1. Suppose each label sits 7 Å from its Cα in the direction of the beta carbon; what would the LYS77-ASN2 distance come out to in nanometres?
2. Suppose each label sits 7 Å from its Cα in the direction of the beta carbon; what would the ILE58-SER28 distance come out to in nanometres?
3. If you stretched the chain out fully between ASN51 and PHE16, how much longer would it get, using 0.36 nm times the residue separation minus the C-alpha to C-alpha distance?
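Please treat every number below as a calculation from the coordinates, not as lab data. What you see is a predicted model, and the numbers here were worked out from it, not measured in a lab. Cβ atoms come from the backbone with ideal geometry, glycine included; neighbour counts cover every protein chain shown.
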Amino acid sequence: MNRRGAGIALLAIAAFLIGIKYLTAGVSGQAYLVNGVPTVPLFYVGSRLSNLAVISGIAGVAYLVWAEVEAFAARKK
């Protein structure tokens, strides 16, 4: 897998982790809805998924930038 593919995969993992956080909060705390908005369950899920999503997203963007810089340098030669 090249760097572009790895970057896209890491960004997809980051999006998946963010989605799973809200899905978990919604499923586990349906009784805690205030005007249709889950308030309390997000505290129970914690910040681990958010932290992993941010790390994965930053790594994905870094890989994409790295791939583009290398491609630009190869075209310039």
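1. My value for the distance between the label points is 1.5 nm.
2. Roughly 2.4 nm, to one decimal.
3. Details: separation 35, 0.36 × 35 = 12.60 nm, distance 1.28 nm.
Residue separation times 0.36 nm, minus the Cα-Cα distance, leaves 11.3 nm.
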